[in-house]
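Written below as structure tokens is the structure these notes are about.
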Amino acid sequence: MANVEVESLTRVFETRSRRVLALDNVNLEVEKGEVFGLLGPNGAGKTTLIRILTTLLLPTSGRAVVGGFDVVKEAKKVRGIIGFSSSSERVGFDFVTARRNLWFFSQLYGVPKSEADRRIEELASLLEFQDQLDRKLYMLTTGYKQRLNLARALINDPTVVFFDEPTNGMDVFSAKKVRELFVREARVNSRTVFLATHNMFEAEEICDRVAIIDRGRILAVDTPENLKLTLDKPVVMLETDVAGASVGDPRTLDGVVGGTVKLDSESETANIRVILRDEDYLDKVVTLLERRGVKVLGYQRLEPTLEDVFISKVGAGFAERERSLEV
Amino acid sequence: MKKLIASISLGLERELGWTFPPLVVLLGTIPATASVLIVVMIYWVGSSAAGAVDPSWIAFLVVGASLYTHFSSYIWAPISAVSEGKASYTYPLVFIAHSSLTYVTGRVIASFIESSFSAILALGLSTVAIKALLGVEPTLSFTPLSIALFALGMLVGLLAALGLGLMLAAYAIFVTRLEWGLPVYISGILMIFSEAIFPTSALPPPLHAIAESLPFTHIIRAARAALIGPPALYSAEIATASLLSATWFLAGVLVYAYSEGLGRRRGYIDLRVT
Amino acid sequence: MRSSVALWLRVAFSRAMIRVLATYGDPLWIVVNVGGPLLTSIALAFLYKFAGIPQFTGFAILGGGIAAYWGNVLWSMAAQLNWDKRSGMLYLYISSPAPLTALLVGMSLGGILGTLPSSLTVLIIGTLLFNPPFSPPTLALALIFMLTLLALYGMGIALSSLYLILGREAEEVNEALYEPVSFLSGIYFPSIGRASPLPLAIQAVASLIPLTIGMDALRRAVFFSEGVGELWPSLLTLAVMAQASIILGLKALNYVERRGRVTGDILVALR
Ligand SMILES: Nc1ncnc2c1ncn2[C@@H]1O[C@H](COP(=O)(O)OP(=O)(O)O)[C@@H](O)[C@H]1O
Ligand SMILES: [Mg+2]
């Protein structure tokens, strides 16, 4: 049974100056016990989708069901069975202990005292902060606060739990722990873990399935392996001198489906990563570059990543996409 | 000097930038007027119950209370410059860029300019309101000379408030939260001791010395001498006020400079909690 | 139905509890908060004494005791949801089954208990310094005090929804509200009734603020020994006003939540 069902979901934001189509006819199904990733650049619409699924925002049209309940008509019921956490929130009461804070959040769901106590101990041991439970929040380090925040999202034993960029701003070690927790929660407790991220590594590493989203549209949904398999075109990294940094959009080079350009100011080189229509275009691209005054120092064929899948569909990488949104 | 002007305009932008300036001045004038009126009403209620209303005291209260709200609204500027700066991590940048003394001074002057508008408006507005509400007119004389003398008093007040403000800012360097607690107490103490709303003689005699040692007491007296009289009192009071204010200003600069150095050595400049 | 009542009670209780714990867990906060009302009321008591009527110093002291609550309503109630919005807490409130109304009622109860030390400090220190003549406490006094607080915190709930819609400007408005309302509602001097120096038209406007009715009745009970017999019109008015302001506040809250889900920028802060 699907725990999250989204049908033709559209959301439009109207402000005085502009009209933004944040979600454009989105369709998704996420199963019980699945770690599901929503991967896309900033501004793609990830947060908007999570806000609708967590009942903070109404869709403009379309339908969404979470745990069997409609997010518009049965919002109250949805709220009882979901958890939510995002890296951008700073929640909790500084002069109250971690334990009390968790107790408070459990009360928002009406969890009985004994049950709440049990869950607090369990989550604290799972996330390794039992020794911090009776300290006031302002005494905790950032790392512990982040863990507390995750424990908070699970305090009501949710059927579906939403995480919006959960590992943003986390150190590498904590991020690893957190990802392990997500997988465990899905496998052991059969929760649906719904994760929004712009971190390809994270999506590849832990998600059972990934939906790639750009400008409100879902471009593909599949397991990370299958997504990469569908990309049957060669990915090549060209190392050039600094002139390469100013070639502009790689799609202007004949035979390039899409790509990204990065300047490495330290070694004074540029890296042009391109997806080619096929192998034969490689020589042509090198010639075209040299004709534009760019010296190609070397090239290398690469294993495709999820970003390459994104590039093959959109033509540009996350960074370019975010930049183009700013104007 | 360039830095000072830059800091002033930054401060003005910070305080006026969020919406259009007349609204900010209005939002400052209304509370100031209300505080003046509260004080006048208390005097009126009290003295009529005692059967001895003396309308000349109303002018006394209007001048004192307007000036007091003026001081107490802008001595916050330095502390908020430091604590807000620490919260947003811009203070360390200011500190690295040049001595933060100029920056803090600029912010105080900006706040002084804004609050001067509010204070003068409140002075006029409460005069009108008192006439409408109580039917008495505070006997204030507004002539070019009296206004100039009053303005001079405000400028001397700026010097004293800078001194006090810099000491508060010095304190804010070391404190990581609830910094606004101290200015609350300081303005409360000024309300009691600076002859803002009742003459020093109403205080128990051992406390008179405190009142006399505050520059604000003399500034308020000088302002009254300018707008109410007697004019002869003005020069003596403004002289005492200037002397005390200069001393406070100097003390403020020294304390701040010392604290800034100490804060840097001990690593407080970029410290913040929550 | 029963479980939703139980949830409401749980949420209100835990929110009150957290606020009390947070306040008493941070004594410095109490010290900082008492400064304004305490020193203001001392200064104003000196003014009453100077005006020639030491018996009225009690007006200033009582005023300070209530001003502590008025400040708490503005800064810890009215402005609270806006801060919660910025920190992301409001998101959690909305996305949970907890009713916002229960949260705000709990917050009010916690605020009332948490402000008690400040209020008592003003009353005790003020009394020690000026020794004004208080009448012995009566039932009427207790009732009026409770109803005044109810009406006051009801106002806080209503303002908190208004401020969510106002956004950034809210804090400036809040700041600008404290003194004018203190003036009109007569926290420190009788702004309505026979002793009021204000013209009738202004008194009529002032009477629309529940705090005005409460302060007037409190003064009469505390300093002029009036009981339920004389004060019942005030009690009745306050009861109606308290109920109206709470209902209005809760309605506004529901409206804000509904509106927020449509527009998308009321419940969560845009980066
Ligand atoms: N409340 C809002 N009002 C107007 N525009 C909004 C609002 N919320 C989001 N948007 C716009 O919708 C688009 C998608 O944003 P968002 O869902 O936050 O993307 P993501 O989480 O993937 O970075 C962006 O262009 C953003 O500016
Ligand atoms: Mg986002």
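Restricted to the stretch A:275-327, and to residues there that are among the hydroxyl-bearing types (S, T, Y) and over 18 Å from the mean Cα position of the chain (by Cα), the residue that is modelled with the lowest pLDDT is A:S324. Of the residues in the stretch A:167-177, at least one is in contact with a Ser or Thr (Cβ under 6 Å, 6 or more places away or on another chain), closer than 29 Å to A:I82 by Cα, assigned to a helix (DSSP H, G or I) and in contact (Cβ under 8 Å) with a residue 24 or more places away in the chain.
Listed by first and then second residue, the pairs with beta-carbon distance under 6 Å, at least 6 apart or on different chains, first residue in the stretch A:39-54 and more than 10 Å from chain C (Cβ to nearest Cβ) and over 19 Å from A:P158 (Cα atoms), second near ligand 1 (Cβ under 6 Å from one of its atoms) and among the small types (G, A, S), are A:G45/A:A22; A:K46/A:G40.
Note on the stretch C:73-96: among residues that are more than 9 Å from chain A (Cβ to nearest Cβ) and aromatic (F, W, Y), the one that is surrounded by the most Cβ atoms within 10 Å (Cβ to Cβ) is C:W75. Here A:K77, A:K73 are screened, and the one residue that is more than 16 Å from ligand 2 (Cβ to nearest atom), at the interface with chain C (Cβ under 9 Å from one of its Cβ atoms) and at pLDDT 95 or above is A:K77.
You will find that of C:T101, C:T115, the residue that is more than 11 Å from chain A (Cβ to nearest Cβ) and under 18 Å from C:G71 (Cα atoms) is C:T115 and no other.
Contact annotation: residue pairs with Cβ atoms under 8 Å, 6 or more positions apart or on different chains, pairing a residue in the stretch A:1-15 that is of a type in the set (G, A, S) with a partner that is buried (at least 23 other Cβ atoms within 10 Å of the Cβ) and modelled with pLDDT of 95 or more, are A:A2/A:V30; A:S8/A:V26. Of all the numbered requirements in (1) among the acidic types (D, E); (2) crowded, with 18+ Cβ neighbours inside 10 Å; (3) assigned to a loop (DSSP other than H, G, I, E, B), A:E185 misses one, and that requirement is (3). In the stretch A:1-116, counting only helices (runs of 4 or more DSSP H) that sit wholly within it, the ones holding 2 or more residues that are charged (D, E, K, R), more than 16 Å from ligand 1 (Cβ to nearest atom) and closer than 24 Å to C:V256 by Cα span A:75-80. Across the stretch B:163-209, the number of residues qualifying as among the β-branched types (V, I, T) and touching a Lys or Arg at 6+ places or on another chain (Cβ under 7 Å) comes to 1. The residue that is nearest to the other protein chains (Cβ to nearest Cβ), counting only those in the stretch C:47-64 that are surrounded by 22 or more Cβ atoms within 10 Å (Cβ to Cβ) and farther than 17 Å from C:L184 by Cα, is C:A51. For the stretch A:57-67, the criterion of being at the interface with another protein chain (Cβ under 9 Å from one of its Cβ atoms) and more than 27 Å from the chain's Cα centre (by Cα) is satisfied by no residue at all. So which residues in the stretch A:106-117 are within 7 Å of another protein chain (Cβ to nearest Cβ), on the phi < 0 side of the Ramachandran plot and either polar (S, T, N, Q) or out of contact with any Asp or Glu (no Cβ under 9 Å at 6 or more places or on another chain) (or both), if there are any at all? Hits for the stretch A:106-117 are A:Q107, A:L108. Checking each residue in the stretch C:241-265 for being within 10 Å of chain A (Cβ to nearest Cβ) and of a type in the set (V, I, T) picks out C:V262, C:T263.
The values are calculated or read from the model by the stated rules, or taken from the named source; none is laboratory data. Note that the structure is a prediction, hence the values are computed from the model and not measured. Virtual Cβ from ideal backbone geometry, glycine too; neighbours counted across all protein chains shown.
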